[in-house]
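J.: Here you go, one structure.
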Amino acid sequence: MLTNLRAGHKCMNMHGHNYEVEVRLMGPVETETGMVFDYGDLKDVEEWINTHLDHSHISCTKEESEIIQSCCLRILKSRKDDSSEYTSKTYVLNKPATAENIATEIYLQAKRLCSLVSSVMVRETRDTWAVNLD
Ligand SMILES: [Zn+2]
């Protein structure tokens, strides 16, 4: 759910998105391996995305995250579900959960895991995406 948008903007509703993420690397080709980087070593980046963002509510603030948690518990209780150990997966971004900000967050995390990361693209649709560059 985004705020500070023009009245009636559809992204002011609680909703979700499916994203594709493209991580690009830049560096010299190593003589020994003939590669810039072993793709298999990008698993840490994929794992970070899957652990923190996949099927997660990306919240703008910690307070928003806690409200989401509370609402999910209330829904489960209303269904007479045993919700005592339930926690909804949330990630606090500390800024609006736009494709631009998500791309920046993934870029920062990916760069921490692999110094050769040069850009991260978050694609919402075939025609819409955001890119964070070095
Ligand atoms: Zn949206």
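What follows draws every value from the coordinates through simple rules; no lab data is involved. This structure is a prediction, so every number in the text was calculated from the model and none was measured. Cβ coordinates were reconstructed from backbone atoms using ideal geometry, including for glycine residues, and neighbour counts include every protein chain displayed.
J.: Where does the longest stretch of the chain lie that holds no trypsin sites (Lys or Arg not before Pro) found in a DSSP loop with 16 or fewer other Cβ atoms within 10 Å?
T.: 7-78
J.: Give, in nm to one decimal, the length gained when the segment between Ser118 and Val131 is fully stretched (0.36 nm per residue of separation minus the Cα-Cα distance).
T.: 3.6 nm
J.: Taking the Cα centre of the chain as the origin, how large is its charge dipole in debye, to the nearest 20, when only Lys and Arg (+1) and Asp and Glu (-1) carry charge on their Cβ atoms?
T.: Dipole magnitude for the chain comes out near 800 debye.
J.: Within the set Lys43/Lys77; Lys43/Lys89; Lys89/Lys111, which residue pairs have Cα atoms separated by over 28 Å?
T.: Lys43/Lys77
J.: Based on DSSP H runs of at least 4 residues, each adding -39500 (n - 2.57), what is the mean residue ellipticity at 222 nm of the chain after dividing by all its residues, to the nearest 500 deg cm²/dmol?
T.: -10000 deg cm²/dmol
J.: Relative contact order of the chain, please, whole-number percent, based on alpha carbon pairs below 8 angstrom and at least 6 residues apart.
T.: Once normalised by length, the contact order is 30 percent.
J.: Among Ser78, Ser56, which comes first, second and so on when ranked by fewest other beta-carbon atoms within 10 Å?
T.: Lowest to highest Cβ neighbour count: Ser78, Ser56.
J.: Which GluC sites (Glu not before Pro) from the range 1-65 combine a DSSP loop assignment with at most 15 other Cβ atoms within 10 Å?
T.: Glu30, Glu32
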